[in-house]
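Down below is the structure, laid out as structure tokens.
The values are calculated or read from the model by the stated rules, or taken from the named source; none is laboratory data. It should be emphasised that the depicted structure is a prediction, and the values quoted were computed from it without experimental measurement. Because the Cβ atoms are built from the backbone with ideal geometry, glycine has one as well, and the counts that use them run over all protein chains shown.
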Amino acid sequence: MCHGFPQKSNCLSIDSELGLLAIGTKDGRIKIVGSENVEWSGHLKLCSNIKSLQFVPDTGSLMLVSEEPSSATQSIHRVQIENDKLDIQTVSPPPFLKKINSSCVVYRASGKSFFLLGTISGNLYNLNISTLHASDFVVYDDLMGEDGNELETSQRMISYLNYNGLNDLLLVVVNNIYLIVYDISRMTVAYRIKSKYPITTAEFDSSDASMIVIAFENGSYSIYKYTYTDQLTLNPLINDVFLYGKEPTTSIKKASLMINNNQNEEEILIFIGGMPQSTCGDKYTITVKNVTSHVVFDFDSPIVDFEYMIDGSALFVLCEQELVVIDLLDPEWKPFPLPYLYPLHCSPISCSNLISNVRENVYLALCDAGIQQLTQNQMFSLRQWPLMCGYGERPKAADLENRECTILITGHEDGSVIFWKANSVNLKPLLIYRSAKDFEGYSEPNSATSPVEYDEENELPPLRKAGLFETFCDDPRFAIQKLAFDEKTGNLVIGGRGGHVIVYELNSATAKLDPLTVIKVDMIEAVQNHQGNPKGPRSGEAPLPPRKMPMAYAVGIRPSYHCMIQLKPAVPIHALAWNSENDTVAVGIEFGYVVCDLKEKQITFKNSLLPAEDIIEIVNNDGQLSRFKSVKKTIRQSFRRKKRPMAIEAGIPETGEPSSSMIENFRPTEREIVARPKNAVYNVSKGDTPPSSIRMLRFLKHNFGFEKEATLLFVGTSGGRVFIYQIEKSEIIEENCLVIRHIQMAHEAPIVHVEIVNDVLLIISEEQIRSFTIPTLKLTKFKYKMTAVEGSRITKVQTVCLRSAKNRGATEQFLAVLTHRGEIFIFSPWNLKKLVKIQFTKCTDGTAINSASLAKDGALFWLRPGGSEFQRAAISACSNYGLISPFRDRNLV
């Protein structure tokens with residue numbers, strides 16, 4: 001199951017009768033949605049590009065035309081909703097159709113409906129929706145009459161088709177020049193006209209089909225009123241209008257005239273494009289205009305298509321990166337908040353965390369805060385979501401049994417943190433918090449939806465920003481690098497790219513807080529005092545300035561302890577750990593770590609692990625280490641993922657003896673097993689990862705040989721070192737936070753995770769899983785050498801508690817390990833026996849592997865390519881999270 005906005009969206013259709021919306025993509029995916037928890041998904045077998053997609057009203061059927069990109073072979077599909085699934089039937093067009101260029105559904109409530117196909121030869125064909133059998137409808141000569149000889153054979157394509165069932169008339173555009181009104185009931189041409197300008201679209205109005213709106217390639221449009229008794233006549237109401245002046249304008253891609261039945265049948269003109277080239281040529285706009293209002297909605301991504309409800313209540317705008325639904329019954333034409341198809345990448349996701357078994361009071365507090373945030377947000381319409389299919393129906397009771405309170409938390413590059421409802425069919429935002437408000441220069445998003453005043457003298461369009469997707473972020477230091485969430489208390493900890501750490505708490509009332517106290521942590525102070533700093537302090541990584549004025553916080557989350565941590569230098573946060581019992585936060589960076597007591601607003605202890613000369617080099621490197629390293633790593637991985645040449649091309653000697661270059665040509669899924677040289681030299685300025693880099697921080701509770709249970713802090717580095725600290729609860733000072741053990745793994749691989757199971761300490765590095773007895777920390781016989789046996793590197797680890805498929809009340813604990821090749825290994829935590837191996841994504845899908853997040857209940861989320869969708873799976877049997885099937889007791893066929 002996928003959540004979010006489908007990448008490569010290419011077409012849109014609305015069924016106003018059933019209250020359904022369908023989207024087709026360029027990679028052959030189909031998604032149909034209704035009200036909340038009503039969703040169907042399907043996929044064409046050949047991953048073909050869906051060129052057009054149209055509902056057959058009130059039948060639950062979709063007619064599709066697809067094209068295979070490699071061969072340009074076309075196919076026709078009928079998609080039928082059948083209870084909880086989609087039935088897809090596919091046929092290849094007969095040879096006489098040549099190539100389909102346009103299509104439309106001819107729906108007749110009293111007669112037989114069919115699918116009309118326009119071809120490049122100028123002929124129209126009738127496709128039976130039930131049998132998918134094609135037959136002749138109108139040939140080119142009958143359609144064009146005497147004007148047919150004016151066009152060459154290559155110019156006779158049917159450019160556009162539009163049908164209105166009230167008068168049984170069909171609009172046909174031939175070669176973007178000829179507009180033909182065809183009477184289907186009489187099977188004759190009622191009107192034919194040659195346009196002065198190339199036509200892009202021609203459509204009937206949405207009410208009584210007495211008007212036709214024509215859009216032109218030069219950016220103008222015309223509206224005609226027609227009468228039809230024995231002969232059809234067209235009377236121009238508006239002819240060749242350039243709404244924003246006659247200077248060069250962008251083409252109008254599509255235009256419609258909608259009659260709003262709920263607002264005294266007022267006419268609303270909607271069109272894509274038509275903007276002045278000089279001022280708005282680079283904008284993606286859609287104009288909505290009636291007698292009293294005029295708004296140009298400005299989007300951040302190209303507009304693909306738009307559709308509207310037949311009663312004129314809502315406008316659906318499909319862009320390449322998002323779906324926006326505008327409430328046309330709202331006086332200010334506000335957008336609806338999306339219950340699904342949310343653009344997860346509105347700001348790129350920089351980190352994510354999947355949390356299961358959230359305490360009910362914490363979960364309800366998040367839900368209540370989200371509802372209040374939505375109702376108080378003046379940017380959105382509060383009216384009911386317009387798609388009503390399945391509205392009011394409840395999931396089956398069996399689907400809600402053993403339902404966990406699960407949330408997904410995402411951190412974004414603009415500093416936003418979004419809580420998502422992850423235990424339902426639709427991934428729905430619960431609460432949104434913008435951490436940028438805790439820094440200087442932040443201003444609340446403009447809640448006013450009225451557009452700017454229209455400048456008649458300069459003819460400037462009244463633009464209004466629309467949609468959630470944004471292309472750029474003002475400052476990369478806002479990006480959330482790491483997240484930690486306490487499912488018992490609701491505390492949220494964020495670590496930013498600018499070296500800041502803030503702890504938040506849930507609050508049920510509004511509050512106005514003074515500026516936060518900054519706990520400054522100088523990680524290079526000791527080195528500077530020891531060797532001096534001849535080249536001056538680090539200047540390239542200045543921290544974000546905290547706000548200086550009081551800030552009002554709404555119900556939801558707000559800074560806890562009235563303080564924040566700021567590291568010097570302001571390097572990205574690599575690891576976070578939070579202990580709510582001791583009010584202690586641990587922060588790891590590239591060359592050390594620090595533990596702070598937030599209740600006392602003081603530094604408990606800090607430790608810099610990098611040699612002095614390397615820290616000096618980082619300090620004087622103008623902040624380029626982390627950025628250069630990430631760019632270098634991205635480029636390196638991109639080249640490694642390219643296909644390796646054949647063995648002969650690689651220059652392997654014919655004798656079969658290995659050449660020296662063979663060692664360097666490993667595939668990205670292979671890893672050479674060699675002994676690491678001691679005291680290996682690494683170059684910090686070239687982006688080499690220092691062994692001091694903190695990979696893991698974790699608080700655990702165990703007696704560890706003491707008289708009573710103690711709080712332990714585990715610190716894991718990239719060099720295979722593990723530090724174990726005991727944190728005294730009585731007085732958290734440096735003297736009471738001692739290193740009780742220090743372990744150096746012989747293979748020196750980065751430490752990924754630690755876990756305590758039945759008085760056994762499991763230390764998991766990228767290459768091995770080793771077990772140690774507690775408290776002696778002696779090696780046991782149970783171990784697993786992942787890289788040596790499987791050829792994989794461990795990236796993430798989670799202890800999962802899985803339910804039995806037969807007895808949902810029975811659970812068992814396992815160790816789940818994710819690797820860099822898109823695999824999940826399930827181990828027994830008692831003896832480290834491998835139980836099963838699962839391939840959840842391709843080994844070359846770096847986005848999915850890096851973003852994969854596994855919850856304790858076995859739920860798995862990862863980002864699909866493009867970053868706009870989460871793929872959801874489970875490593876154990878689970879329910880469908882309350883999926884509603886509104887047509888379970890209805891035969892739509």
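Filtering Ile764, Ile732 for residues that are at pLDDT 95 or above, crowded, with 22+ Cβ neighbours inside 10 Å and not acidic (Asp, Glu) leaves a single hit, Ile764. Give region 135-152 a look and list any residue that's exposed (fewer than 11 other Cβ atoms within 10 Å of the Cβ) and at pLDDT below 90, or say none. Correct list: Glu146, Asn149. Being more than 30 Å from the chain's Cα centre (by Cα), β-branched (Val, Ile, Thr) and under 21 Å from Pro335 (Cβ atoms), is that true of even one residue in region 258-275? Yes, region 258-275 has at least one match.
In region 301-315, of all residues being more than 11 Å from Cys11 (Cα to Cα), in a strand (DSSP E or B) and of a type outside the set (Ser, Thr, Tyr), the one that is farthest from the chain's Cα centre (by Cα) corresponds to Ala314. The set of residues from region 855-866 being surrounded by 19 or more Cβ atoms within 10 Å (Cβ to Cβ) and either at positive phi or in a strand (DSSP E or B) (or both) comprises Gly858, Ala859, Leu860, Phe861, Trp862, Leu863. Scanning region 504-519 for residues that are surrounded by 15 or more Cβ atoms within 10 Å (Cβ to Cβ) and aliphatic (A, V, I, L, M) yields Leu506, Leu516, Val518, Ile519. The criterion of at least 2 residues that are farther than 21 Å from Leu315 by Cα and not assigned by TED's automatic domain parsing to the domain that holds Thr119 is met by the following strands (runs of 3 or more DSSP E) wholly inside region 8-97: 39-43, 49-56, 61-67, 74-82, 85-91. Only one entry of Asp230, Asp208, Asp183 meets the criterion of being surrounded by fewer than 21 Cβ atoms within 10 Å (Cβ to Cβ) and assigned by TED's automatic domain parsing to the domain that holds Ser102, and that entry is Asp183. Restricting attention to region 791-847, and to residues there that are aromatic (Phe, Trp, Tyr) and in contact with a Lys or Arg (Cβ under 8 Å, 6 or more places away or on another chain), which single residue is farthest from Pro865 (Cα to Cα)? Taking the candidates together, the pick is Phe827.
Taking Leu815, is it at pLDDT below 95, outside any helix (DSSP H, G or I) and surrounded by 20 or more Cβ atoms within 10 Å (Cβ to Cβ)? Answer is no for this residue. Evaluating Ala109 against the criteria (1) under 36 Å from the mean Cα position of the chain (by Cα); (2) not in a strand (DSSP E or B) leaves one unmet condition, (1).
The C-beta contact set for region 186-198 (first residue free of Cβ contacts under 8 Å to residues at least 40 places away in the same chain and closer than 12 Å to Leu143 by Cα, second residue part of a strand (DSSP E or B) and not charged (D, E, K, R), distance under 8 angstrom, 6+ apart or interchain) comprises Thr188/Tyr182. Annotation note: Cβ proximity below 8 Å between a residue of region 505-526 that is under 16 Å from Gln372 (Cβ atoms) and a residue that is exposed (fewer than 15 other Cβ atoms within 10 Å of the Cβ) and of a type in the set (Gly, Ala, Ser) (sequence gap 6+ or interchain) occurs for Thr510/Ala552; Ala511/Ala552. The number of residues in region 769-785 being among the aliphatic types (A, V, I, L, M), closer than 15 Å to Ala746 by Cβ and at pLDDT below 95 comes to 2. Residues satisfying the criterion are absent from region 165-180 (criterion: assigned by TED's automatic domain parsing to the domain that holds Lys51, surrounded by fewer than 18 Cβ atoms within 10 Å (Cβ to Cβ) and in contact (Cβ under 8 Å) with a residue 60 or more places away in the chain).
Identify, please: which residue in region 200-233 is in contact with an Asp or Glu (Cβ under 8 Å, 6 or more places away or on another chain) and in a loop (DSSP other than H, G, I, E, B) and is, among those, modelled with the highest pLDDT? Only one residue tops the list, namely Ser220. Of all the criteria given as (1) at pLDDT 90 or above; (2) out of contact with any Phe, Trp or Tyr (no Cβ under 7 Å at 6 or more places or on another chain); (3) buried (at least 20 other Cβ atoms within 10 Å of the Cβ), the one not satisfied by Ala577 is (2). Note on region 140-171: residues that are within 20 Å of Asp230 (Cα to Cα), among the aliphatic types (A, V, I, L, M) and not in a helix (DSSP H, G or I) amount to 4.
Inside region 484-526, residues that are part of a loop (DSSP other than H, G, I, E, B) and of a type in the set (A, V, I, L, M, F, W, C) make up a count of 4. Residues that are in a strand (DSSP E or B), under 41 Å from the mean Cα position of the chain (by Cα) and β-branched (Val, Ile, Thr) within region 765-794 comprise Ile769, Ile794, listed in sequence order. In region 101-119, is there at least one residue being over 17 Å from Leu170 (Cα atoms), of a type in the set (A, V, I, L, M) and in contact with a helix residue (DSSP H, G or I) (Cβ under 8 Å, 6 or more places away or on another chain)? No: zero hits. Looking at Asp205, Asp298, just one residue is touching a residue at least 40 places away in the same chain (Cβ under 8 Å), acidic (Asp, Glu) and touching a helix residue (DSSP H, G or I) at 6+ places or on another chain (Cβ under 9 Å), and that residue is Asp298.
Contact annotation: residue pairs with Cβ atoms under 8 Å, 6 or more positions apart or on different chains, pairing a residue in region 243-269 that is free of Cβ contacts under 8 Å to residues at least 40 places away in the same chain and part of a strand (DSSP E or B) with a partner that is loosely packed, with under 15 Cβ neighbours inside 10 Å and of a type in the set (A, V, I, L, M), are Glu266/Val291.
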